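Here is the structure we will look at, set down as structure tokens.
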Amino acid sequence: MLERLDDVDWARITHAYGPATDVPDQITDLRSADPDRREKARWQLYGNIFHQGTRYEATAYAVPFLLEILADPDGADKGELVRLLAAIAVGYDEFWLPDGLPIAEHRRTAEGGAAVLAAAPHPGDPGWDEEEGDAEYIEALTAREQEAMLAHVAVAAHEAVRQGVPLFRALLGHGDPDVRALAAYTLGWFPEDAEGSLPPLAALASSEVDEALAATARVSMGLLGVAAEFDDPRPVVRWATAIARLRVFGDRAGQEAVDELRRWSGGVGRDERVPFLDGDLVGYATVVLDRLGTP
């Protein structure tokens with residue numbers, strides 16, 4: 001496991017705090033038998049390769065190793081690893097909901113960004129400033145070049161996590177409901193893989209499974225372009241059905257969907273088992289209604 005960590009020249013690529021030389025040890029610590037050590041490593045990775053939602057050059061390089069650990073049948077903390085990978089793929093979901101991730105638009109914005117990043121000074125180069133890093137280089141770029149480079153880094157991170165889509169689908173059958181829900185949540189952020197993800201998500205969207213899991217699957221299906229019927233009376237599932245129907249059909253979703261979200265938007269409701277917006281069901285309902293211009 002993780003033998004290829006040394007194949008990456010971590011000293012030449014950067015994260016939020018400079019050269020990414022600390023990342024290999026943090027990744028290795030994710031396999032520690034000590035839960036506190038694993039938790040500390042995750043906290044450090046959130047801070048350096050996902051600093052306040054920003055992805056860095058080192059982020060995409062770290063992802064294959066995170067997926068390798070996640071794929072280990074005996075690995076611990078699978079839910080937390082899926083959560084980290086989902087964050088790497090999209091940043092903060094509040095920026096993209098209720099519409100979903102416009103990855104095709106991001107790819108267009110990223111055009112030319114790889115070349116801009118490749119031309120930047122890296123640790124060890126004559127133009128690298130130990131205190132300021134590549135700040136002088138970035139400040140000299142045009143606004144379009146900066147935008148392209150940042151988009152390239154984010155798209156590269158998303159694409160790296162996308163390689164784990166088959167694994168996320170497999171985790172839909174995991175024994176831990178939290179792992180299953182986080183896997184269902186993550187699949188909703190990969191619209192280019194909808195064809196293969198929708199059937200297993202639909203299987204989880206039925207009345208035969210836990211309500212939070214069924215609800216999460218329905219919201220992800222909506223992000224992938226498919227909405228279920230109001231065929232499950234459980235409140236959280238009805239919430240999710242309305243979310244998905246309004247996402248897919250907009251103002252053609254029907255009054256039942258609008259009325260359902262109105263009931264939620266006027267109250268207080270959280271269910272942290274539903275990963276979207278950290279379980280803020282009321283906030284999600286309000287965002288959807290606001291988008292429709294519906295009071």
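The values are calculated or read from the model by the stated rules, or taken from the named source; none is laboratory data. These figures come from a predicted structure and were not determined experimentally. Here the Cβ positions follow ideal geometry from the backbone for every residue, glycine too, while neighbour counts run over all protein chains shown.
Restricting attention to the stretch 15-28, does a residue exist that is part of a helix (DSSP H, G or I), touching a residue at least 40 places away in the same chain (Cβ under 8 Å) and either touching a strand residue (DSSP E or B) at 6+ places or on another chain (Cβ under 7 Å) or within 25 Å of ALA170 (Cβ to Cβ) (or both)? Write out each step before concluding.
Of all residues in the stretch 15-28, those part of a helix (DSSP H, G or I) come to 23-28.
Going one step further and asking which of them are touching a residue at least 40 places away in the same chain (Cβ under 8 Å), we end up with 27.
Now restrict to residues that are either touching a strand residue (DSSP E or B) at 6+ places or on another chain (Cβ under 7 Å) or within 25 Å of ALA170 (Cβ to Cβ) (or both): 27.
Yes, because at least one residue in the stretch 15-28 is part of a helix (DSSP H, G or I), touching a residue at least 40 places away in the same chain (Cβ under 8 Å) and either touching a strand residue (DSSP E or B) at 6+ places or on another chain (Cβ under 7 Å) or within 25 Å of ALA170 (Cβ to Cβ) (or both).
Select, from ARG252, ARG291, ARG273, the only residue that is touching a Pro at 6+ places or on another chain (Cβ under 8 Å) and surrounded by fewer than 16 Cβ atoms within 10 Å (Cβ to Cβ).
Working: ARG252 fails: touching a Pro at 6+ places or on another chain (Cβ under 8 Å); ARG273 fails: surrounded by fewer than 16 Cβ atoms within 10 Å (Cβ to Cβ).
The conditions single out ARG291.
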Top-ranked residue in the stretch 228-252 [being in contact (Cβ under 8 Å) with a residue 24 or more places away in the chain and not in a helix (DSSP H, G or I); ranked as nearest to ALA104 (Cα to Cα)]: ALA228
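Could you please let me know if ALA217 is under 18 Å from PRO98 (Cβ atoms), under 18 Å from the mean Cα position of the chain (by Cα) and assigned to a helix (DSSP H, G or I)?
Judged against the criteria, ALA217 is a match.
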Of all residues making up the stretch 254-267, the number that are without any contact (Cβ under 8 Å) to a residue 12 or more places away in the chain and not acidic (Asp, Glu): 4
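Determine if the stretch 23-34 includes at least one residue that is at pLDDT 95 or above, within 24 Å of ASP129 (Cα to Cα) and touching a Ser or Thr at 6+ places or on another chain (Cβ under 7 Å). Full working, then the answer.
Going through the stretch 23-34, the residues at pLDDT 95 or above turn out to be 23-34.
Of the ones still in play, those that are also within 24 Å of ASP129 (Cα to Cα) are 23-24.
Checking the rest, the ones that are also touching a Ser or Thr at 6+ places or on another chain (Cβ under 7 Å) come to none.
No, the conditions are met nowhere in the stretch 23-34.
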Every residue from the stretch 157-196 that is under 14 Å from GLY222 (Cα atoms), free of Cβ contacts under 8 Å to residues at least 60 places away in the same chain and surrounded by fewer than 24 Cβ atoms within 10 Å (Cβ to Cβ): ASP193, ALA194, GLU195
